[in-house]
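What follows is a set of notes on a single structure, which appears directly below.
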Amino acid sequence: MNGIHKDRMDEIIEKIGHIGAQFGPLPSIASAQRRRCWAQQIVSSLRRISYTDTLMTRGVNAARCDPNSGIFDPVRGSLYYQRNGQLDEAVWLAFVLTHFGKHAVDEWKLAANVYGSFGAGPVWTFAQYAANPAGFENMLGANSGRLADASNSGSFSNHRKFQSKKPFAIAKTFRTYYEWQTEFGGFRDRMIATHASVGQEAHAAFDALYKSMKGVYGFGGGRLGRFDFLTMLGKLQLAPIAPGSVYLDKATGPLAGARLLFFNNRDHSITGKALEPRVDALDEILGVGKQVIEDSLCNWQKSPDAYVYFRG
């Protein structure tokens with residue numbers, strides 16, 4: 001660990017030690033080992049966010065947008081579109097990357113295959129999808145066998161592992177998401193309407209967008225897809241938004257982490273709505289942001305006594 005990260009680790013461990021002053025003694029983090037383990041997860045989360053910040057300062061090759069290239073990367077591709085004034089394409093690609101995610105082994109393989117018609121047809125950009133949504137659904141149907149074979153198509157990331165690869169499910173996700181993005185015209189129009197409704201404060205705008213996505217299949221029924229997508233829009237500067245809450249209602253891993261932290265168990269009778277104010281208040285002590293808190297709690301509860309690096 002370099003000096004900068006060691007200093008940050010020491011700072012976070014000290015701040016974790018102050019949590020009890022507000023909430024009372026917490027047996028879950030009474031040991032130095034547990035405090036250090038959670039601090040390591042917080043630093044890992046901060047590193048992942050700082051990686052995106054670093055990308056913002058670098059040039060982007062146009063091939064990053066091309067699912068048929070060897071360097072396809074939808075995060076960088078979204079940045080490329082944004083820098084070239086194609087906001088709808090940038091937001092659409094951010095949706096694609098969030099829906100499929102980056103798998104620990106397959107990386108962007110599944111996203112590239114669906115976005116690029118398995119290398120045998122059109123690339124389903126925002127403009128291409130808008131012109132022929134039926135063609136996209138036909139492509140999925142024609143490749144149903146490939147989709148069912150993970151060795152061929154690739155896999156969802158860990159955050160998206162419960163999503164279906166059946167053509168009808170992917171088609172419905174894309175269709176309902178497209179309807180959301182274009183409800184007011186384009187994404188810029190969606191933001192204008194949001195600001196007109198709730199104002200331009202970043203947390204309020206995030207919350208309004210989060211609630212508005214309930215109808216997006218594969219996103220609206222839970223919270224992780226919406227949370228990951230909208231935080232990505234904020235990190236890539238595609239929208240002036242930031243989460244003002246961890247949104248624990250309907251959460252799984254972060255909620256399990258919150259239960260462990262505050263009650264030293266995983267009692268499922270303790271609801272996300274009940275714990276959400278407590279977890280949100282942690283940011284006043286730790287000062288790392290809501291996304292880092294929810295991500296680090298999710299990973300810490302999987303292995304609270306020994307640090308494990310989680311990805312994909």
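Miscellaneous remarks
- Single residue of the range 261-294 satisfying the filter (among the aliphatic types (A, V, I, L, M) and in a loop (DSSP other than H, G, I, E, B)) that is nearest to Leu248 (Cα to Cα): Ile270
- Residue check, Phe184 open to solvent by less than 10 Å² (accessible area, probe 1.4 Å) and outside any helix (DSSP H, G or I): no
Table: residues versus (1) open to solvent by 20 Å² or more (accessible area, probe 1.4 Å); (2) under 20 Å from the mean Cα position of the chain (by Cα); (3) farther than 23 Å from Lys235 by Cβ.
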site	(1), (2), (3)
Ile12	no, no, no
Gly20	yes, no, yes
Arg35	yes, no, yes
Leu55	no, yes, no
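- Ala130 meets each of the listed conditions (1) in contact (Cβ under 8 Å) with a residue 40 or more places away in the chain; (2) within 24 Å of the chain's Cα centre (by Cα) apart from (2).
- Annotation note: Cβ proximity below 6 Å between a residue of the range 182-209 that is small (Gly, Ala, Ser) and a residue that is open to solvent by 30 Å² or more (accessible area, probe 1.4 Å) (sequence gap 6+ or interchain) occurs for Gly186/Asp88; Ala193/Phe184; Ala202/Pro240; Ala202/Ala242; Ala204/Val198; Ala208/Val198.
- If the condition is being out of contact with any Ser or Thr (no Cβ under 8 Å at 6 or more places or on another chain) and over 15 Å from Leu26 (Cβ atoms), then the range 273-292 contributes Lys273, Ala274, Pro277, Asp283, Glu284, Gly287, Gly289.
- Candidate set: the range 240-257, residues that are among the β-branched types (Val, Ile, Thr) and at pLDDT below 95; chosen: the one surrounded by the most Cβ atoms within 10 Å (Cβ to Cβ): Val246
- When restricted to residues that are open to solvent by 40 Å² or more (accessible area, probe 1.4 Å) and either touching a residue at least 24 places away in the same chain (Cβ under 8 Å) or outside any helix (DSSP H, G or I) (or both), the range 210-232 contains 5.
- Restricting attention to the range 148-163 and to residues that are farther than 9 Å from Leu110 by Cβ and outside any helix (DSSP H, G or I), the residue that is least open to solvent (accessible area, probe 1.4 Å) turns out to be Gln163.
- The listed residues are Trp108, Trp92, and the only one of them that is open to solvent by 10 Å² or more (accessible area, probe 1.4 Å), within 17 Å of the chain's Cα centre (by Cα) and among the hydrophobic types (A, V, I, L, M, F, W, C) turns out to be Trp108.
- Residues of the range 195-209 satisfying the condition of being open to solvent by less than 20 Å² (accessible area, probe 1.4 Å) and either more than 29 Å from Thr54 (Cα to Cα) or aliphatic (A, V, I, L, M) (or both): Ala205, Leu209
- With respect to the conditions (1) open to solvent by 40 Å² or more (accessible area, probe 1.4 Å); (2) part of a helix (DSSP H, G or I), Gln237 falls short on a single one, namely (2).
- Verdict on Gly257 being more than 30 Å from Thr57 (Cβ to Cβ) and within 15 Å of the chain's Cα centre (by Cα): no
The values are calculated or read from the model by the stated rules, or taken from the named source; none is laboratory data. These numbers come from a predicted model, not from an experiment. As a convention, Cβ positions derive from the backbone with ideal geometry for all residues, glycine included, and neighbour counts pool all protein chains shown. Areas reflect the complete protein model, heavy atoms only, side chains present, ligands, DNA and RNA absent. Shrake-Rupley method; radii C 1.70, N 1.55, O 1.52, S 1.80 Å.
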